[in-house]
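FYI, it's all coordinate maths here, none of it is from the lab. This is a predicted model, so every value here is computed, not measured. Ideal geometry is used to build each Cβ from the backbone, glycine not excepted, and the neighbour counts take in all protein chains shown.
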4 protein chains.
Amino acid sequence: MFETDERRLARWERRGEWPLTGLAVLFVVVYAWQVLDNRSTAGLDVVLEAVLWIIWLIFAVDYVARFKLAVDKRRFFATHLFDLLAVLLPMVRQLRVLRLITVLKVLNKRFAGRFRQQVGVYAAGVTVLVGLCASLAVLDAERHHPDASITTFGDAAWWTLTTISTVGYGDRYPVTWEGRLVAALLMIGGIALLGVITGTIASWLVERLSGVEDSVAEAEQATAAELRLVRAELAELREELRAARTRSGG
Amino acid sequence: MFETDERRLARWERRGEWPLTGLAVLFVVVYAWQVLDNRSTAGLDVVLEAVLWIIWLIFAVDYVARFKLAVDKRRFFATHLFDLLAVLLPMVRQLRVLRLITVLKVLNKRFAGRFRQQVGVYAAGVTVLVGLCASLAVLDAERHHPDASITTFGDAAWWTLTTISTVGYGDRYPVTWEGRLVAALLMIGGIALLGVITGTIASWLVERLSGVEDSVAEAEQATAAELRLVRAELAELREELRAARTRSGG
Amino acid sequence: MFETDERRLARWERRGEWPLTGLAVLFVVVYAWQVLDNRSTAGLDVVLEAVLWIIWLIFAVDYVARFKLAVDKRRFFATHLFDLLAVLLPMVRQLRVLRLITVLKVLNKRFAGRFRQQVGVYAAGVTVLVGLCASLAVLDAERHHPDASITTFGDAAWWTLTTISTVGYGDRYPVTWEGRLVAALLMIGGIALLGVITGTIASWLVERLSGVEDSVAEAEQATAAELRLVRAELAELREELRAARTRSGG
Amino acid sequence: MFETDERRLARWERRGEWPLTGLAVLFVVVYAWQVLDNRSTAGLDVVLEAVLWIIWLIFAVDYVARFKLAVDKRRFFATHLFDLLAVLLPMVRQLRVLRLITVLKVLNKRFAGRFRQQVGVYAAGVTVLVGLCASLAVLDAERHHPDASITTFGDAAWWTLTTISTVGYGDRYPVTWEGRLVAALLMIGGIALLGVITGTIASWLVERLSGVEDSVAEAEQATAAELRLVRAELAELREELRAARTRSGG
């Protein structure tokens, strides 16, 4: 019974992987449509908004289902706190922009499963994905503010680039607090990106320049060679002993 | 006598830990109140200012008491130089803003004791704490300057974010020298934060990619296996020797 | 037959090294002339443009020839994807600016062959080369735009510097999308540069401060000493055994 | 004869250490006076300028003397190329600002000798020194330009801070090419500073988190313990052999 439930959670998560990834991609596409299409009619807007909320609802249902299937509910709650936040935050109307986080979490999970081995590919992919979502979100937040300097997708993409690279010319910057929230998340992403790139290069250099592994390998070879000599010595000793015994016994 | 005094210092510090942490939190709250409450009457202002000075005084008394209890006073002076600065600097009227450093020192100590193991949690916590204090301090310093671009807490928080991430759009920046002092401390903090994040990622990658530990472990297993063979050889040799002795002695 | 073709590819690449490097340098010089010479006549402009396209054509021919010579064409295609992009992208009229990437690839290859050992020299050289090309490209892209803030080579070089160091004052910034494309590549370069410098210093510090190698060396010396003792013990044992045998046999 | 000359160079350098450090400090002080004192008369200006040139001349004479004393002149020339540049560059009138590099080289040498062990103290000291010199140099270069935004020492120090931390608000930036040259050197310094800080933290974290040394130490202890067992085994074996010999010989 206990075992069965854990297995049911795992089976649920395995089966849900592809549909959720598909929904996440659909979410980004619909959100991009909603943000980028200026000439959309009121009717279309309602449809797009409805699709976004339905997808979000499916993510919420998925969280609830996984919580129900988890045997150790307290542990599931503690280890999936970020999942809960990603589901609850977009409910607050002002944090609508954060719906993309739910989506990013799902996409990142699939992406991580495939590419974490190649740190470079993974970092590049995540950066492009985060950059795209941030551009859409900041454009959505800023566009209708009278003092906004980010009013087209081109502006938003350029602003995203200058922010994530921590260059920050200041020719464009968010003025609404929703836009600044996106900026905050993007800056954290930019710093982490910098950390991953630097870390990858540093770890590669550490390995290559300091040659720790080579040193250990050489040391080990020396020890192994010495030990082989000891064993040869022992074998000879045994041979001599056998000869002595044969003679003494003969 | 000598031993007793060292113990008395340790006991003083242990007993003072919680009250001082509480006072530090109270200080930040009162300071935030003073800075953020624009409609406060002159009477309230005097009370808040008095509370801040009393808390600072308690920190000063704590330093003096610890100095008195220390056996090797010269060594205490040298190793607690930063404590002394944190107590003395706020006495200069123009460096009032630096009173928050005294507080940050106490809070950091408690925080470090709890979270230094998890570098990520510790870095995040310190960043939020430093960011909050810097926002209050820069708002306090800038607000009444005619050319100031930082006049609300929202502006101050946004400026803190763009500064600590080293993005620096330049849409808001301090113009008073007190504000610039806060900026200088924040930039140093930002660089250190970047260093900690990069360092954490780099150390994780070094460990994971270069596989030094695995290499050492493998090498060690090889050596251990070789040594087991040597001992087996020795055991057999001894067995043969015993057999030879038995026969020869029989 | 199979072996021969691989050898023919290698011979082609070896023979092509110097001419291609020469052409790459010539390309940069002609491009710089075209961009910097404001008083050039229409006739000269056509000649310079023709030279650039001829050099690009030679690079394209080189790619095709190498593809033809490769035995495992699928593997060549996969491992030389960036070469293909560097050849195809400049064909799109709007991406003319990217022709410099073809050139940078060739120069970087020669440079890397010579200096990759000294990471510092290599990083400095690549930075100067990339900076020079980016300055020319951004000037070419921006100069004729009415809102441009980058209109002279001095401006372009200064902008390149503030961007690659991620300082980003914002006194000058590209406004055309071609200029922003150059900026994007430069920012990626700047982040990588930061990573290389930080990584080099970090790896040097890791080596120097943590003293892993010393520790391994010391451990190895201790093991070696212990092993020498074991062998000495064994030699003495053998000596005694020989003595015993001699006596017993005598 | 050969040995003597090398020794004479070493003695020259040892004897020159303190006087040159003193002159370097004097240079910075006089330069600061010249830059910061706006009300100085023409006569005083001539005196200050003369003192600066005399000090520079002594550095030049020192280089020539060391070159003369060096046995392997070609090798001295190659390894002291930066010294030569630091001496020659200030001769060009437009590069006057670079005279401070000569001085920074001397001060850095003394500083490095003392504090390189403590990377943190060394980095902090060099940063303050470079920042001070850069502030003076940029103020000297910018002050009299009509479009200058850096016109007081406070502005210059603030600009230095925003540049070396790579924040770059863009509220102040150099407009003369001499000022931009100082900015370029400062940015390189800022990137290196970031690298040193990140590297120090990373190396500390690598050491602490990955625990390579502990792992090696533990592995070594295990090997040593195993080897002690082997020796004990051997000793027992020898004892038994001796006993056998005694009995057989008895």
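Taking θ = phi - 60°, what integer Hz values does the Karplus form 6.51 cos²θ - 1.76 cosθ + 1.60 yield along region D:160-169, in sequence order, with x for Gly and Pro?
For region D:160-169, the Karplus curve yields 4, 5, 5, 7, 5, 8, 6, 6, x, 4 Hz.
Could you check the simple spin-label distance between A:HIS144 and D:ARG14, using points 7 Å along Cα→Cβ, in nm with one decimal?
Using points 7 Å along Cα→Cβ, the separation is 8.0 nm.
At 7 Å along the Cα-to-beta-carbon direction for both D:GLU6 and C:THR151, put a label point, then send me their distance in nm to one decimal.
6.2
Magnitude of the Cβ-charge dipole of region B:1-115, K/R +1 and D/E -1, about the Cα centre, nearest 20 debye?
260
Measuring from a point 7 Å out along Cα→Cβ, what nm distances, shortest first, does B:PHE82 have to its partners in the other copies?
3.0, 3.0, 4.2
Quickly rank C:146-155, B:134-143, D:138-147 as a protection proxy: mean count of other C-beta atoms within 10 Å, highest first. Display every interim value, and only then the final one.
Values: C:146-155: 14.4, B:134-143: 24.5, D:138-147: 18.1.
Per-residue mean Cβ counts within 10 Å order the peptides as B:134-143, D:138-147, C:146-155.
What ³J(HN,Hα) values, in whole Hz, does the Karplus curve 6.51 cos²θ - 1.76 cosθ + 1.60 give for region D:22-32 when θ = phi - 60°, with x put for Gly and Pro?
Result, rounded to whole Hz: x, 4, 4, 4, 4, 4, 4, 4, 5, 4, 4.
If Lys and Arg each add +1 and Asp and Glu each add -1, what is the summed charge of the other residues whose beta carbon sits under 13 Å from the beta carbon of D:ALA235?
With Lys, Arg at +1 and Asp, Glu at -1, the neighbours total -2.
In whole angstrom, note down how far apart the Cα centers of region C:124-181 and region D:1-74 are.
Centre-to-centre distance over Cα atoms comes out at 39 Å.
Tell me which GluC sites (Glu not before Pro) from region C:1-96 have a DSSP coil assignment and no more than 13 other beta carbons within 10 Å of their own.
none
Assign one of three labels to region A:1-115, namely rounded, prolate or oblate, based on the Cα gyration tensor with a ≥ b ≥ c the square roots of its eigenvalues; rounded applies when a/c is under 1.5, prolate when it is not and a/b is larger than b/c, and oblate otherwise.
prolate
Suppose every K and R has +1 on its Cβ and every D and E has -1 on its Cβ; what is the size of the dipole of region C:116-210 about the Cα centre, in Debye to the nearest 20?
Dipole size: approximately 300 debye.
Using θ = phi - 60° and the Karplus form 6.51 cos²θ - 1.76 cosθ + 1.60, what ³J(HN,Hα) does each residue of region C:129-138 get, whole Hz, x for Gly and Pro?
Each residue of region C:129-138 in turn: 4, 4, x, 4, 5, 5, 4, 4, 5, 5 Hz.
Please compute the net charge surrounding A:TYR173, taking Lys and Arg as +1 and Asp and Glu as -1 over other residues with Cβ under 10 Å from its Cβ. Write out the running numbers ahead of the final one.
On the way: positive: A:ARG172, A:ARG180, B:ARG172; negative: A:GLU142, A:ASP171, B:ASP171.
Combined, the nearby Lys, Arg, Asp and Glu give 0.
So how long is each side of region A:89-198 along the principal axes, counting just the alpha-carbon atoms, biggest first, in Å?
Answer, in whole Å and largest first: 46, 34, 19 Å.
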